[in-house]
Ligand code: 4AD
Ligand code: MG
């Protein structure tokens, strides 16, 4: 019977056939161990010389790394294997022989691996990270559907900017100027007025000249937007969502977390509610920790975020930032005009900001004033203004950066491994 590696556990003691690639191999004079992968998982194939035809033994000895094969064998329970089974091989058919596969089990430099990203994706660690990414996406749809959100897709080509003009990717739209979306938020606000609770999931682009372990040029964002929801309620939804992601990854990616050597206790701790600290108190905390380089009114850099996060063993919300360092659409705190009703969620272990969110301005006159202050073209943003004209309601939303979340939950060093084909400064290949 033909099956996949993932389903082998349902076929104990049966004879099965799988299509697979040879990831690695060890052999002695009498026995060969084939590390087989088919994309759904990894399994060890055992070839015993005395129990197979000579041609099968010869193939097992000579088959090269990343050759594609059909392998027939009997599934056996094996408690030492991560998948719980191994395959006792009776037959090997070589479909295609790979010659001189460039990525060998030895150590390679990052640039070399990045140049070979199309092949590097096949390796065990990269495979585990992408499966965790897949689980986060799956759990996202599950969570928001369960909570009554509709998925709405904002456009990617836009005529306006959502997050400031310095990081815009410019392109032409026939005779007009256009930009790649930095965030779907403004459109999601329109969608929330039509569907109440909405979320989007799509690629976003920032022409950021930063080369850090947290920045991509092209990244994927999940952007929920909710009508009749104020700031505090939005934070509750955020912490429930992030806790749900951690729980789903823990439950459904055991093999992958194990492959990555992830400290599971760090993930088990992630349970709502999350601590909250105001921007004012965060500044005080930094001063106490000896940071003399930051003053009230300045934005935090990565070292500041990491220092704040170290004081908590869970993700922490930093709330109510100064209005002048945040986006034009954020609602001022009714008790204090100099700060806005916003929060960034900072992940533990130095992974930085994974969510940025806020309550939005719902007052037409105040929004018009912000347009003037921020020099926004009234024509390009007329539609956005109209949302405050026809049945305006309090509403809030947020954006979760998928790759930062993948990097954090997987426990990997660098964000470039959290997306299949990273777009980085100076990297558009492959
Ligand atoms: O904080 P940001 O810029 O917020 C927005 O875009 C809002 N319009 C979202 C909303 O309210 N709907 O970005 C949101 C998140 C960040 O917290 C971070 O996780 C991620 O997107 N992010 C990046 N991830 C990778 N590379 C980059 N260059 C990123 N910039 C932001
Ligand atoms: Mg932000």
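Things worth noting here:
- Here the peptides 313-323, 253-263 are ranked by packing, the mean other Cβ count within 10 Å, and the order with the highest first is 313-323, 253-263.
- Calculated FRET efficiency, residue 428 to residue 207, Cβ-Cβ distance, R0 = 22 Å: about 0.95 to the nearest 0.05.
- Burial ordering of 299, 292, fewest other beta-carbon atoms within 10 Å first: 292, 299
- Taking the average, over residues, of other Cβ atoms within 10 Å as the packing measure, peptides 327-333, 372-378, 105-111 rank 327-333, 372-378, 105-111 from highest down.
- Residue order, fewest to most surrounding Cβ atoms within 10 angstrom, among 235, 87: 235, 87
- Label-to-label distance, residue 288 versus residue 93, with points set 7 angstrom from Cα along the beta-carbon direction: 6.9 nm.
- The chain, helix-only ellipticity at 222 nm - DSSP H runs n ≥ 4, -39,500 (n - 2.57), divided by all residues, nearest 500: -9000 deg cm²/dmol
- By other beta-carbon atoms within 10 Å, ranking 133, 117 with the fewest at the front produces 117, 133.
- Inter-probe distance in nm under a simple model that places probes 7 Å from Cα toward Cβ, at residue 363 and residue 68: 6.4 nm
- Placing a label point 7 Å from the Cα of residue 58 along the Cα-to-Cβ direction, no residue of region 79-97 has its backbone N under 12 Å from that point.
- Region 278-430: projected area of the alpha-carbon convex hull, averaged over directions, in nm²: 11.9 nm²
- Taking the C-alpha atoms of region 5-96, convex hull volume expressed per residue in Å³: 84 Å³
- Shape call, the chain: gyration tensor on alpha carbons, a/c limit 1.5: prolate
- Antiparallel content of DSSP bridges confined to the chain, in %, to 5: 90 percent
- Ranked by the mean number of other Cβ atoms within 10 Å of their residues, highest first, the peptides 58-64, 134-140, 42-48 come out as 42-48, 134-140, 58-64.
Read-outs throughout are calculated quantities, based only on the coordinates presented, and are distinct from any laboratory measurement. A quick note: this is a predicted structure, and the numbers were derived from the prediction, not measured. Please note: Cβ atoms are built from the backbone with ideal geometry, for glycine as well, and neighbour counts cover all protein chains shown.
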